[in-house]
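Since the structure comes first, as structure tokens, the remarks are kept for the end.
The values are calculated or read from the model by the stated rules, or taken from the named source; none is laboratory data. Since the model is a prediction, treat every value here as computed from it, not as a measurement. Cβ coordinates were reconstructed from backbone atoms using ideal geometry, including for glycine residues, and neighbour counts include every protein chain displayed. Keep in mind that these areas ignore ligands, DNA and RNA; they rest on the heavy atoms of the full protein, side chains included. Shrake-Rupley method; radii C 1.70, N 1.55, O 1.52, S 1.80 Å.
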Amino acid sequence: MSLNKILAVAETEFRAMVRSKAFLVSIVLLPLLMLGSGFAQKQISARADTSPRKFAVIDTSGKYYDAIAAAAGKRDAEVEAMAAKLPRSRFVPERVDVGGRALDEVRLQLSERVRSEDLFAFVEIPAEPDREKIRYYSDHPAYEELSTWLGKTLDDSL
């Protein structure tokens, strides 16, 4: 088979493909889809939820709240410095004084505050966190940034 015949077959096939409706539609749609996905990404990132995450801390030992509050202040300063590049939420801790009440009663009260969205979450730190489990409660199980940060902060202060 000569080269001229191969080129003639290739040209015929190419012209048939270029004239098809599928090719013409894909030529128009592909750039539109690319532009649309870029626009969608920009819109979604601009709508990131950066509202402060207020959380309560039940510290039965009384040793860890100050470390958590100091770490939250340090983190918030870093968040403010990087706000333009990476929008993130501030963490606002709140000390819970049990005041002789039953722990179940305090948990119930804080759970109601979480459900009413007055609090984002609450954490319960036992007197001996290395022996007992630290408990974290929230209505937002997919949001792991706060619980991960709390875990690292408490590991550093233990």
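Considering only Thr50, Leu35, Val9, and ranking their Cα positions along the charge dipole of segment 1-63 that arises from unit charges at the beta-carbon of Lys, Arg, Asp and Glu, the one farthest toward the positive end is Thr50.
Add +1 for every Lys or Arg and -1 for every Asp or Glu among the other residues with Cβ under 14 Å from the Cβ of Ala81, and state the total. Its environment carries a net charge of +2.
Modelled label positions at Ala70 and Ala142, each set 7 Å beyond Cα in the direction of Cβ, lie 3.7 nm from each other. The stretch between Leu108 and Val28, if pulled fully straight at 0.36 nm per residue, gains 23.0 nm over its current Cα-Cα span.
As an exercise, identify the trypsin sites (Lys or Arg not before Pro) in segment 71-102 lying in DSSP coil whose Cβ has no more than 13 other Cβ atoms within 10 Å. Hits after loop and neighbour filter: Lys85, Arg101. Taking all protein chains as they are arranged and a probe of 1.4 Å, the heavy atoms of Met17 leave approximately 100 Å² accessible to solvent. Once the Cα atoms are used to define both axes, helix 145-157 deviates from the longest principal axis of the chain by about 50 degrees.
Mind putting together the pair-distance distribution for the chain? All Cα pairs, 5 Å bins, whole percent per bin, short to long. The distribution over the chain is 1, 7, 13, 14, 12, 9, 6, 5, 4, 4, 4, 4, 4, 4, 4, 3, 2, 1, 0, 0, given as percents. Taken about its Cα centre, segment 1-83 carries a charge dipole of about 400 debye when Lys and Arg each add +1 at the Cβ and Asp and Glu each add -1 at the Cβ.
When only DSSP loop residues count, what chymotrypsin sites (Phe, Trp or Tyr not before Pro) in segment 51-153 have their Cβ near at most 16 other Cβ atoms within 10 Å?
Tyr143
Taking 13 Å as the straight-line reach from the Cα of Lys74, the aspartates and glutamates in range (excluding those fewer than 8 positions away in the same chain) are Asp66.
Between the helical axis of 65-81 and the longest alpha-carbon principal axis of the chain there is an angle of about 30 degrees. Each DSSP beta bridge with both residues in the chain is either parallel or antiparallel, and the antiparallel ones are about 30%. Ignoring ligands, DNA and RNA, what percent of the 1.4 Å accessible area of segment 93-158 is carbon and sulfur? Roughly 45 percent of what the probe reaches on segment 93-158 is carbon or sulfur. Positive end of the dipole of segment 1-111 (Cβ unit charges, origin at the Cα centre): among Ala83, Val18, Ser111, the Cα lying farthest that way belongs to Val18. For Val92 and Ala8, the difference between the fully extended length at 0.36 nm per residue and the C-alpha to C-alpha distance is 22.9 nm. Of interest is the spacing of the C-alpha centroids, which for segment 114-158 and segment 46-83 amounts to 12 Å. Given springs between every Cα pair under 10 Å in a Gaussian network model of the chain, which of Ser37, Ser147, Ser111 has the largest fluctuation? Of the options given, Ser37 has the highest mean-square fluctuation.
Note on segment 79-158: semi-axes of the ellipsoid equivalent to its C-alpha gyration tensor, largest first and rounded to whole Å, are 25, 17, 11.
Counted without the sites themselves, the longest stretch of the chain free of GluC sites (Glu not before Pro) in a DSSP loop having at most 13 other beta carbon atoms within 10 Å is 1-116.
Potential lengthening of the chain between Ala81 and Arg47 amounts to 10.3 nm, from the contour at 0.36 nm per residue minus the alpha-carbon distance.
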